[in-house]
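Scroll down for the structure; my scribbles are underneath it.
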Amino acid sequence: MPLTDEIKEILVADLHLEHVRPGDIADQDPLFEEGLGLDSLDAVEIVVIVQKRFGVEIRDLDEGREALASVAALADFIERRRRGA
Amino acid sequence: MSRKEPVAVLGLGAVCAAGRGLGACLDSLFAARRNCRLPRGFPGEFASRFPAFQVDGPLPGDGRPRTRTLGLARLAAAEALAHAGLDATALAGRRVGVCLGSSVGGALNFMDFYAGWRTGRDPALDQFEAWAHSNPAAALSRDLGLSGPCQTVANACTSGADAIGVAASWVREGVCDLALAGGADELHYLTYVGFIRLMVTHDAPCRPFDRTRKGLNLGEGAGVLVLASAEAARSMPGPVRGHILGYGAAGDNHHPTAPAPDGRGLRRAVSDALAEAGAGAGDLAFVNAHGTGTVLNDAVEARVLHELAPGAPLSATKGGTGHTLGAAGALEACFTLACLERGEIPPSAGFAEPDPDLPAYPFAERRAVQGGCALSTSLAFGGLNAALVLGAGEGV
Amino acid sequence: MRFSVCGLGVAGGFGGSLAELAAARPGCEAQPPDLGQLAGRVPPAALRRMDGFTRMALLAALRCREDAAARGLADADVTGERVALVLASGYGPMRTTFDYLDSVLDSGEPGASPTAFSLSVQNMPAAILALSLGVSGACCTVCQLDNPVLSALVTAACWLAEGRADTVLVGAADESSPMLDYGLGRLRAAGQVGLPGQCNAAAFLGLRRPDAAGRPYAECLELCAGPAPGDGPDMVLVRGGGQGLPGFGAAPTAWAADLALACWALDGGACDALPGRPVAVECRCTDPGPGRATARLHRPGGAMEGDRAW
């Protein structure tokens, strides 16, 4: 499964987005404010999810802002970190 | 909110990392001493990175299992009663209420017992037993054989301020003649981990209102006040040490964990407290801000307080105590009353450089202040806001 | 220090109405409440942040508010800055607390859930209720094992008397857990007596000052810690020493159910324990310690048709 699809499944499950189907989330959709409409509490929860599920640490919210802009941005961040960048 | 009768304060008690006893706490605050270290006795990795403000030394007990929170509450209550010249005999036959705030104190934080149960073992009962018998207000009420109402306010970071406000209402409405009011919270590992995971903590001593602030440090402690009706105060041996002049409490109705950026709840709480006190912002000698050192909290407070009370110097004491959660509002009420009496506020430890984006900031040095009343503000998770206007006692 | 009860709402293993609470059978407190009715009233995005405890309390609060409106209170009387909220509980949002503990025990610090942590902070259910109900006055959570309902009512009555609020929604909620069952069982086995029980239930009472408009259920004329002075009404509900109406079991918040049923019966609701539409009811909580309490409730407007008030 492509990483973006995996991320969507995990977000829907772990954030209890019962009213959303993973397939309905577009890769480039903003995660916060508009788009999926997640908030600051979801942001810190995603930091934990990314660490638990992908072994990648988001050190602070400045780093987080870029990484969490969209599913595509997050997939990119995870892949870069895994490559050691 | 209409003008209200002042409620007398007969005694104060305080314990936190800055000291055991109000005098010791004030000495530390005025010397800008910061007892902020990596926490002792915690497992895991966070404890090697995120400092906290822990109370040193043993806490009073009676040999039965009890939580650390209750130990802290008992210490502060004992000091407050002694300060008021009251003992169990003096309280007998009077209607005495107990209203204490705590965020950890009632919570089901018996981690080892729970862990044991989860794996099907029969763990040692102490931790669970301690929880069952350590509800702060109920335990103090039992300790002293009191018969008035007792309430543990679990309002997170405004608990201490709210407990004082609620108890003042009880006294004013004649539900009881005297009340022990305040808050207590221990530094609990589970709370410590939770706040770090919320990414609102700083991995260095906190910097309230500073340009480079990054978050809060947790602390622990307890603050207790003895409140009395005017009539009860007249029949008591000691002097009146201060007054609760006004209390305001309002919700932001914005978001579960983030404060409303426009500070609407804080505005209403402060306005209501001033209205009850019959005071204007110009009457305030200073403001003891909640000032946790987080980016968001300090920004909201600086803007709102600058708008509502532009002439009042800001005092941020969490740089010397850490964020003591349920105890904070009560500890800060004690500090506010003590500073009113002294006519000066301590240096705001941790603050060095103003944030150019904010219209207000505290002071890095001690500062003389003038006036008969001061404001203390508290903000909590869930968008709660509390404000207390506190007044000087006799002879000030 | 008096108040009127202008609305009632309940949710629990016994059902969702006062009639069902009145007919509750022992053991129902172990059953979870039916929360299906929330789906139509709360948007899914908001429900996401509500655990079972909060949903149960919210359902009872919504019912109370709708009931108050049906009995003559205006919208402005039940939302906004002049409405306060007090939520009493013995154990708080217990399951969420245990979810958080699970996350720490299972995954260590890196996996500890900040959402579970913040939702387990005991004031969060009240805060989320306030947000959901559009109530922005004072908001207080009372958490203790010894009759949290008494002090919640005392505080609400004070707030009304001093004009801090015009309406106070006073709620009581508790949920159960096998873990707590185990712990309380261990304490009993070690010889401790007078321990509370558990339930899965919530009740809300809408309080106003005694001059309330509309059709209040009842007026509370006396509320105190311990026994009340003088003679009281002939109709008495006693809770303590193993006695008490079912519905909320022996949970710390059970006294709220007694008060709700007393109001219900005073208004003419059918209740076997309080037959024949009494004029006045005394609700007593008699366990020793800080939980002892008495409330005397009366039909609104004082004595009627020549009946003795008491």
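The values are calculated or read from the model by the stated rules, or taken from the named source; none is laboratory data. As the structure is a prediction and not an experimental result, all values here were calculated from the model. Cβ: placed from backbone, ideal geometry, glycine included. Neighbour counts: every protein chain shown.
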(request) Quickly run through the stretch B:59-86 and pick out the residues that are over 13 Å from B:LEU180 (Cβ atoms) and in contact with a helix residue (DSSP H, G or I) (Cβ under 8 Å, 6 or more places away or on another chain). (result) B:LEU59, B:PRO60, B:GLY61, B:ARG64, B:PRO65, B:ARG66, B:THR67, B:THR69, B:LEU70, B:LEU72
(request) Please determine, by comparing only the residues of the stretch C:48-98 that are free of Cβ contacts under 8 Å to residues at least 40 places away in the same chain and either buried (at least 17 other Cβ atoms within 10 Å of the Cβ) or β-branched (Val, Ile, Thr) (or both), which one is nearest to the other protein chains (Cβ to nearest Cβ). (result) C:THR97
(message) I'd like the full set of residues that are more than 21 Å from A:ARG59 (Cβ to Cβ) and either facing chain C (nearest Cβ under 9 Å) or modelled with pLDDT of 90 or more (or both), limited to the stretch A:21-45.
(response) A:ARG21, A:PRO22, A:GLY23, A:ASP24, A:ILE25, A:ALA26, A:ASP27, A:GLN28, A:ASP29, A:PRO30, A:GLY37
(message) Which residue is surrounded by the fewest Cβ atoms within 10 Å (Cβ to Cβ), if the candidates are limited to the stretch B:74-110 and must be in a helix (DSSP H, G or I) and small (Gly, Ala, Ser)?
(response) B:ALA88
(message) I need the full set of residues from the stretch B:191-207 which are more than 17 Å from A:GLY64 (Cβ to Cβ), more than 14 Å from chain C (Cβ to nearest Cβ) and touching a strand residue (DSSP E or B) at 6+ places or on another chain (Cβ under 7 Å), in order please.
(response) B:CYS206
(message) For the stretch B:87-126, which positions are among the aliphatic types (A, V, I, L, M) and modelled with pLDDT under 95?
(response) B:ALA88, B:ALA90, B:LEU91, B:ALA92, B:VAL104, B:ALA107, B:LEU108, B:MET111
(request) Considering each residue of the stretch A:5-19, count those that are under 14 Å from A:LEU31 (Cα atoms) and either basic (Lys, Arg) or within 14 Å of chain C (Cβ to nearest Cβ) (or both), and give that number. (result) 6
(message) Considering only residues that are within 19 Å of B:THR191 (Cα to Cα) and of a type in the set (Val, Ile, Thr), which ones fall in the stretch C:102-141?
(response) C:VAL104, C:THR115, C:VAL121, C:THR141
(message) Going residue by residue through the stretch B:64-71, is there one that turns out to be within 16 Å of the chain's Cα centre (by Cα), more than 14 Å from chain C (Cβ to nearest Cβ) and buried (at least 24 other Cβ atoms within 10 Å of the Cβ)?
(response) no
(message) For the stretch C:39-54, check the following and say yes or no: at least one residue is closer than 21 Å to C:VAL121 by Cβ and touching a strand residue (DSSP E or B) at 6+ places or on another chain (Cβ under 8 Å).
(response) yes
(message) Give me the residue from the stretch B:1-40 that is among the basic types (Lys, Arg) and in a strand (DSSP E or B) and, out of that set, farthest from B:ALA269 (Cα to Cα).
(response) B:ARG37
(message) Suppose we filter the stretch B:111-147 for residues that are in a loop (DSSP other than H, G, I, E, B) and within 7 Å of chain C (Cβ to nearest Cβ); how many remain?
(response) 3
(message) Please go through the stretch B:329-386 and give me each residue that is among the β-branched types (Val, Ile, Thr) and not in a helix (DSSP H, G or I), ordered by number.
(response) B:ILE345, B:VAL369, B:THR377
(message) Here is a list: B:LEU38, B:LEU12, B:LEU29. Which entry is hydrophobic (A, V, I, L, M, F, W, C), surrounded by fewer than 24 Cβ atoms within 10 Å (Cβ to Cβ) and either at pLDDT 95 or above or within 14 Å of B:LEU187 (Cα to Cα) (or both)?
(response) B:LEU38
(request) Identify all residues within the stretch A:46-64 that are over 10 Å from the mean Cα position of the chain (by Cα) and at the interface with chain C (Cβ under 10 Å from one of its Cβ atoms); write none if there are none. (result) A:VAL48, A:GLN51, A:LYS52, A:ARG53, A:GLY55, A:GLU57
(message) I'd like to know if the stretch C:112-124 contains one or more residues that are more than 10 Å from chain B (Cβ to nearest Cβ) and either surrounded by fewer than 24 Cβ atoms within 10 Å (Cβ to Cβ) or touching a helix residue (DSSP H, G or I) at 6+ places or on another chain (Cβ under 8 Å) (or both).
(response) no
(request) Can you give me the number of residues within the stretch B:211-265 that are in a loop (DSSP other than H, G, I, E, B), touching a helix residue (DSSP H, G or I) at 6+ places or on another chain (Cβ under 9 Å) and within 14 Å of another protein chain (Cβ to nearest Cβ)? (result) 16
(request) Within the stretch B:212-241, work out how many residues are in contact with a Phe, Trp or Tyr (Cβ under 9 Å, 6 or more places away or on another chain) and of a type in the set (D, E, K, R). (result) 2
(request) Go through (1) closer than 30 Å to C:ALA74 by Cβ; (2) within 9 Å of chain B (Cβ to nearest Cβ); (3) outside any helix (DSSP H, G or I) one by one and return the number of the condition C:LEU145 breaks. (result) (1)
(message) All but one of (1) within 27 Å of B:ALA14 (Cβ to Cβ); (2) without any contact (Cβ under 8 Å) to a residue 12 or more places away in the chain hold for B:TYR114; state the number of the condition that does not hold.
(response) (1)
(request) Name, by its number, the condition in (1) at the interface with another protein chain (Cβ under 10 Å from one of its Cβ atoms); (2) in contact with a strand residue (DSSP E or B) (Cβ under 8 Å, 6 or more places away or on another chain); (3) surrounded by fewer than 24 Cβ atoms within 10 Å (Cβ to Cβ) that does not hold for B:SER159. (result) (3)
(message) What's the number of the only condition in (1) over 17 Å from the mean Cα position of the chain (by Cα); (2) farther than 20 Å from C:ALA138 by Cβ; (3) modelled with pLDDT of 95 or more that B:ALA374 fails to meet?
(response) (1)
